[in-house]
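> So that we are looking at the same thing, I have put the structure below in structure tokens.
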Amino acid sequence: MFNKSENNFTIVFAGNPNVGKSVVFNAFTGMYAEVSNFAGTTVEITAGKWRGKTVIDTPGVYGISGFNDEELAARDVIIGGDIIVNVVDAVHLSRDLFLTRQLIDMGKRVIVCLNMMDEAERLDIEINVNLLSKRLGVPVISVSALKKRGISALMEAIPSASCGRIMPSLAPAFKKYENIAKTQTDALLLMEDDPQTLKKYSQSASGLREKIYAERRRLADSLACGVTERQSKKADFSERLGRLLLRPVFGFPALILCLIAIFWFVGYIAAQLVADFTRGVIMEGFYRPFIVDIISGFIPSGTFWNDLFAGEFGMLTMTPICVLGLLAPLVAAFYLMLSFLEDSGYIPRIAVLLDRSLSKIGLNGRAIIPLILGFGCVTAATVSTRLLSTRREKVIATALLGITIPCSAQIGIIIGALTPLGFTYCAIYVFTISAVFVLTGTALNRILPGGSSDLLIELPRMRLPSAANVLKKTYSKTKSFISEAAGVFLIGSVILTVLNRTGGLDFIINAAEPVVSGILGLPREAAYSFVMGILRRDFGVAGLSDIAMSPKQTLVAMTSLTLFVPCIASVLVIFKERSKTEAIAIWLSSFVFAFLIGGLLAYVL
Amino acid sequence: MKLNEINKNERFTIISIPDGEVGAQAIRLGIFKNAKAECILRIENGPVLLNINGQEVAVGNSLADKIEISI
């Protein structure tokens, strides 16, 4: 993680999801913030500086109970924090005060940032801020982060953060742990049956957690009630829209429109228009000749070392050209759409809409997140399966991702290749892939023992996202993706250059040709795409656009390549996340399916 | 009766929720014994959408089957 020196005063931002925490955080740290992964998880922690002090943002959580990776990360960062800025949504005070109470009970110095005051005003909600501050025992500052109101008042008030009044009924329990726990925080964690803390002090669970939570919940509710006055109860546009999107009649068409918009933006605008420019004109047009010239000035062309750096698969040619020229615009476009959807509050509604259907294949609505991410990058999506509760669900989601979901690198080329062929061919492609998806999911649901876990999610208000926040998220996600991809590509460059020079590559392709043309009825040159597709998905499909193929052959090729094994990066992640048996089974299945279904299509059409 | 038997616009009180982690998470979202709520939407064989204290929460069908309520 990052180094926390002893003199370094740390201010930690904590709050529920969707309270606008990042917007407030950004107001403190500006553009310069460092993102890192928490202790080998996918949880991202953002850190920056404000007036010489370290400021850390934590993932939005409902409580610090260690139910998932986000909560564990948030908890550890909060424990190490000197001051906690608790961002709270004024419109959902009752919900948010649970975490506030937990932070206060932990004995931390807290200051509450009451955000979204502008929305509260619009909904005629009045909050007695002074009374709330008195009852909690900590300063409460009203803010409207999007409108940039109240931020300076918040900044000036930071030093006055204080330890609030703990929940009265906890006093006897705290007394009991006085001699056992080193800090008040540890004492609270012990009381709440936190496994790690129990182990640290060799204590057994007291079973008090549910009681404490229920009381805290009641206290939060009565606190919120006591300081809030809601004049009107009318449902505003945002609420009505939110509910409309949940009803299948409107929700499904809206979802389909949304998906079409994403595919159009990623698959056409980014993958074709922008990528043609960045890869074609800039990279291939200027960069490649430029770098080949430079390298050939030092190392004679035709030699191994020249090939390694500037050859067809060169580390300084293939890697930057593909990563910056092709992948970067695609991935940026995808993350732009995703960040917009996340901030708008639509994604939990998609989860609700699809929960019924997903439970038929052993998943619940939350699995929609990895599945959507898969359309951006299957590797990243596989890692995100960690948010699913049971191992069974993770296996099913990973299998579906590895076998059926095409990533952004492929989508562009697939759309480009299939659209000219007309509606029927596109429909057959979508139908075939969807059928494999449903069949795989249903089969796995039957075969694997156990059931799916329950859906329990909160639906945030629908909002128009803040452009600055969306752009910042897009930038940071694209940046980390590109840095990781570059690593894999560099390794790929080395492997491919070696294989190419030793004749190994030709050997593999020759061996593959009879399979590709025999089973799939494709021209022999297509074998190259399949072999390359093992390394990176976009290598696979890209090469196909240069080969002359009939419409039927194009359809078979695109379908087969979509189902074909996941790229090397994904394979590595699958092996890391799942057991060896599961990973091998998934890899083999996609290999078999690609040729089985492709061959079937070739035969039937 | 069970939560998944509720109809749209009906108000109810929660009698019991499951134990364990799911129960603790439910409490945090406002679903606990004696809490009052209203059903906003009901998807057939699907999730139940509740309004608890101004907060909208979706409960999956199988979980709703394990929560006892009274109208």
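> Taking the residues in region A:299-358 that are closer than 29 Å to residue A:239 by Cβ and in a loop (DSSP other than H, G, I, E, B) as candidates, determine which candidate is nearest to the other protein chains (Cβ to nearest Cβ).
A:345
> Still on this structure, please answer the following. Does residue A:408 satisfy the condition of being within 24 Å of residue A:336 (Cβ to Cβ) and either at pLDDT below 90 or under 25 Å from the mean Cα position of the chain (by Cα) (or both)?
yes
> Give the residues of region B:32-44 that are surrounded by 20 or more Cβ atoms within 10 Å (Cβ to Cβ) and at the interface with chain A (Cβ under 7 Å from one of its Cβ atoms), sorted by residue number.
Those that are surrounded by 20 or more Cβ atoms within 10 Å (Cβ to Cβ) and at the interface with chain A (Cβ under 7 Å from one of its Cβ atoms): B:32, B:40.
> Can you tell me which residues in region A:547-584 are without any contact (Cβ under 8 Å) to a residue 12 or more places away in the chain and within 18 Å of residue A:444 (Cα to Cα)?
Across region A:547-584, the qualifying residues are A:579, A:580, A:581, A:584.
> Something else: Could you please give the count of residues in region A:446-496 that are away from chain B (no Cβ under 14 Å), of a type in the set (S, T, N, Q) and more than 27 Å from residue A:34 (Cα to Cα)?
Qualifying residue count for the region: 1.
> Please determine, by comparing only the residues of region A:517-534 that are aliphatic (A, V, I, L, M) and outside any helix (DSSP H, G or I), which one is modelled with the highest pLDDT.
Among those residues, the one meeting the criterion is A:522.
> Continuing with this model, one more query. Return a yes/no flag: does region B:9-31 have any residue that is more than 10 Å from every other protein chain (Cβ to nearest Cβ) and not in a strand (DSSP E or B).
yes
> Out of (1) under 19 Å from the mean Cα position of the chain (by Cα); (2) crowded, with 19+ Cβ neighbours inside 10 Å; (3) in a helix (DSSP H, G or I), the odd one out for residue A:458 is which?
Evaluating residue A:458 over (1) under 19 Å from the mean Cα position of the chain (by Cα); (2) crowded, with 19+ Cβ neighbours inside 10 Å; (3) in a helix (DSSP H, G or I) leaves (3) as the failure.
> Say whether the condition of being within 30 Å of residue B:28 (Cα to Cα), among the small types (Gly, Ala, Ser) and in contact (Cβ under 8 Å) with a residue 24 or more places away in the chain is met by at least one residue in region A:424-441.
There is no residue in region A:424-441 that is within 30 Å of residue B:28 (Cα to Cα), among the small types (Gly, Ala, Ser) and in contact (Cβ under 8 Å) with a residue 24 or more places away in the chain.
> Restricting to region A:229-253, and then to whatever is in a helix (DSSP H, G or I) and closer than 30 Å to residue A:117 by Cβ, can you tell me which residue is farthest from the other protein chains (Cβ to nearest Cβ)?
A:237
> Anything in region B:45-65 that is in a loop (DSSP other than H, G, I, E, B) and more than 8 Å from every other protein chain (Cβ to nearest Cβ)? List them, or say none.
Passing the criteria: only B:65.
> Determine whether residue A:214 is touching a residue at least 60 places away in the same chain (Cβ under 8 Å), crowded, with 18+ Cβ neighbours inside 10 Å, part of a helix (DSSP H, G or I) and at negative phi.
Judged against the criteria, residue A:214 is not a match.
> Go through region A:171-186 residue by residue and tally those that are in contact (Cβ under 8 Å) with a residue 60 or more places away in the chain and under 19 Å from residue A:216 (Cβ atoms).
Within region A:171-186, residues that are in contact (Cβ under 8 Å) with a residue 60 or more places away in the chain and under 19 Å from residue A:216 (Cβ atoms) number 2.
> Return yes or no: is residue A:274 closer than 27 Å to residue A:463 by Cα and among the aliphatic types (A, V, I, L, M)?
No.
> Moving on. Can you tell me which residue among A:345, A:365 is at pLDDT 85 or above and crowded, with 23+ Cβ neighbours inside 10 Å?
Criteria check complete, one pass: A:365.
> If we scan region A:377-387, do we find a residue that is farther than 28 Å from residue A:551 by Cα, in a helix (DSSP H, G or I), in contact with a strand residue (DSSP E or B) (Cβ under 8 Å, 6 or more places away or on another chain) and within 14 Å of chain B (Cβ to nearest Cβ)?
Looking through region A:377-387, none of the residues is farther than 28 Å from residue A:551 by Cα, in a helix (DSSP H, G or I), in contact with a strand residue (DSSP E or B) (Cβ under 8 Å, 6 or more places away or on another chain) and within 14 Å of chain B (Cβ to nearest Cβ).
> Say we look at region A:188-202 and pick out the residues that are part of a loop (DSSP other than H, G, I, E, B) and touching a helix residue (DSSP H, G or I) at 6+ places or on another chain (Cβ under 6 Å); which of these is farthest from residue A:105 (Cα to Cα)?
Filtering first and then ranking leaves A:193.
> Still on this structure, please answer the following. Identify the single condition in (1) under 32 Å from the mean Cα position of the chain (by Cα); (2) modelled with pLDDT under 90; (3) over 24 Å from residue B:44 (Cβ atoms) that residue A:239 does not satisfy, given that it satisfies every other one.
(3)
The values are calculated or read from the model by the stated rules, or taken from the named source; none is laboratory data. Here the structure is a predicted model, which is why all the values come from computation and not from measurement. Note: ideal-geometry Cβ built from the backbone for every residue, glycine included; neighbour counts use all protein chains shown.
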